[in-house]
Amino acid sequence: PPPLAVHLVDLGQGSYEARYSLPSAGERPYRTFVRRFTPAERPWFTFHGDTATATVNVALADDGSHGGGRLLAMLGGRVQRIDRAMGEATVHPSELLHAVSRTTRGTRYSLVLFFGRGQRSQDSCEV
């Protein structure tokens, strides 16, 4: 398997580490699950925030192994695509609005880990 590469999502608001509490070594997630996306079953995921203080999302397949199904994030007032290879992880706070675009071919898998029980904002929702 490829080594795990971690990408911190740049919110354009100063140092990520200074603003958010990243999971520390040995910290255990309070929720872990695998998301599966196919054209017929759960083809996309609408924009939402998470209930965690920090979310770790690990790509279990290269973006090129399926059609669509791209991780999207609202950054700097616009939607941006976050490209990832298998084994790469994205770490972000619950306040980051993010989504998955429509999957048009194949199957997309990701491992999601929630760290720290954050407070859900009234402006965000998880579908």
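Since every read-out is calculated from the coordinates, none of them should be taken as a lab result. None of these values were measured; they are calculated from a predicted model.
Would you mind classifying region 53-92 by shape? Square roots of the alpha carbon gyration tensor eigenvalues, ordered a ≥ b ≥ c; an a/c under 1.5 is rounded, otherwise it is prolate if a/b is larger than b/c and oblate if not.
Oblate, because a/c is 1.5 or more while a/b does not exceed b/c.
Shape call for region 27-127 from the C-alpha gyration tensor, a ≥ b ≥ c root eigenvalues: rounded (a/c under 1.5), prolate (a/b greater than b/c) or oblate?
Prolate.
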